[in-house]
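Worksheet: the structure to be examined is printed underneath.
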Amino acid sequence: MSFNIQSINFSDFKELIMQLTEKGNNPDVICLQEIWQVIDLNFLSIPGYQDIIYKQRNNRQGGGVAIYLKNGITFKLLDSPFLEQIYETIFLEICLNNRIINIGSIYRSNTVPSFMTQSDHISTFLDGLSSSLALLTATCHEIIICGDFNLDVLKCNSNNSVNDYINTLYSQGILQVVTKPTRFTSNSATCLDHFLVNPGLELFETMILTTIISDHFPVFYLGPKTNPKQSKKEQEITFRDFSDQNIYSNLNWQSVIGQNNPNDALDEFLNIFLPTFDNYFAPKTVKFNKNIHRIEPWVTNGILISRRTKISLQQDYFKKSNDKNKSKFKIYRNLYNRIIKLAKRNHYHEQFKQNATNIKKHGLY
């Protein structure tokens, strides 16, 4: 998957991946663009994926590229240029389904640095891209590179920069395979997010997911599977039911009270309490349901209800895209995001407060 997240609320992005995971459609590789600044890796963890691999700008806000890999995928970080605002890249060599693949995430800013002309900006980018592709194709491995190139390939016949870009790809034996718009505004539809591959005999497919958590849509590349499809293991959650109907208070504590020795009293208490606790509050394992169970520790029942309302308004907006539905969704979404941020902040504040004197706990939050 390739996605320009434009420094969106990470909770929205994580929720999207969790939804894909529940349906068995979560990608093996996630390439991101415009990650902006990574401050705390603990906030960027995604269940089922390794730690984020990223490059970010040192001197300017914005930009940056990153890659997530599913657990179990081995990789090697490759040398790649990172020219801020011009050609920002990260390349990996991975082993996936017994195939060696060179993958990459690229971002080309649409803002020209003050020390360059528009012509110099595009030519420097194309020179860097051509050099990178030459090195990658020399390995004879499969190549899958994606990103936000800020070049609308739908205008390949009318824009000289786009035409030069396509010719650069052809000269290296590379195809750009996304053919539909990936970014929409009120008055435009452009294909700025691309997948670059070296064509083989296997069939592949590209898909665009219409979600509005960013002004770009996530784009998917589905390559051939060399391993038999395995049945999806459903995510489960284990809990104890402490609801009122399970509470049992008719216990006789006389044998505890009658003990003279505190240790004997404790032993007798545990002999009565523990079997009763396990009997009435036995652990239960059920299928994980994002609408009922908490994805994050700071999620409350009220937030789960608000989340369902937000999704409903989003679906109304997709089904009937008018100003009224758009306004209702955006107002509610912004309120929801503020509540999430407040709940998260309060949760970690409480964790720090509770463990202020416990140095072993500091690294967990």
Please tell me if L169 is at pLDDT 95 or above, surrounded by 14 or more Cβ atoms within 10 Å (Cβ to Cβ) and not basic (K, R). no
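Each row is one residue, and each column tells you yes or no for (1) assigned by TED's automatic domain parsing to the domain that holds Q6; (2) of a type in the set (S, T, Y); (3) out of contact with any Lys or Arg (no Cβ under 9 Å at 6 or more places or on another chain).
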{"site": "T111", "(1), (2), (3)": "yes, yes, yes"}
{"site": "A134", "(1), (2), (3)": "yes, no, yes"}
{"site": "H141", "(1), (2), (3)": "yes, no, no"}
{"site": "G147", "(1), (2), (3)": "yes, no, no"}
{"site": "V153", "(1), (2), (3)": "yes, no, yes"}
{"site": "C156", "(1), (2), (3)": "yes, no, yes"}
{"site": "K180", "(1), (2), (3)": "yes, no, yes"}
{"site": "S188", "(1), (2), (3)": "yes, yes, yes"}
{"site": "C191", "(1), (2), (3)": "yes, no, no"}
Residue that is farthest from G62 (Cα to Cα) [pool: residues in region 107-120 that are surrounded by 15 or more Cβ atoms within 10 Å (Cβ to Cβ) and not β-branched (V, I, T)]: P113
Filtered residues of region 324-340 (kept if loosely packed, with under 13 Cβ neighbours inside 10 Å, among the charged types (D, E, K, R) and under 21 Å from the mean Cα position of the chain (by Cα)): R338
Among the residues of region 128-144, is there at least one that is charged (D, E, K, R) and either modelled with pLDDT of 95 or more or more than 28 Å from P27 (Cα to Cα) (or both)? no
For the condition aromatic (F, W, Y) and modelled with pLDDT of 80 or more, what is the one hit in F318, F269? F269
The residue from G104, G64 that alone is assigned by TED's automatic domain parsing to the domain that holds I35, within 24 Å of D164 (Cβ to Cβ) and surrounded by 21 or more Cβ atoms within 10 Å (Cβ to Cβ) is G104
Restricting attention to region 1-58, the residues that are assigned to a loop (DSSP other than H, G, I, E, B) and of a type in the set (G, A, S) number exactly 4
D127 is checked against (1) within 22 Å of E34 (Cα to Cα); (2) among the charged types (D, E, K, R); (3) loosely packed, with under 15 Cβ neighbours inside 10 Å; (4) in contact (Cβ under 8 Å) with a residue 12 or more places away in the chain and fails just one. What number does that condition carry? (4)
Looking only at region 31-61, which residues are among the aromatic types (F, W, Y), within 22 Å of N150 (Cβ to Cβ) and either out of contact with any helix residue (DSSP H, G or I) (no Cβ under 9 Å at 6 or more places or on another chain) or surrounded by fewer than 17 Cβ atoms within 10 Å (Cβ to Cβ) (or both)? W36
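The values are calculated or read from the model by the stated rules, or taken from the named source; none is laboratory data. Remember, it's a predicted structure, so these values are computed and weren't measured experimentally. As a convention, Cβ positions derive from the backbone with ideal geometry for all residues, glycine included, and neighbour counts pool all protein chains shown.
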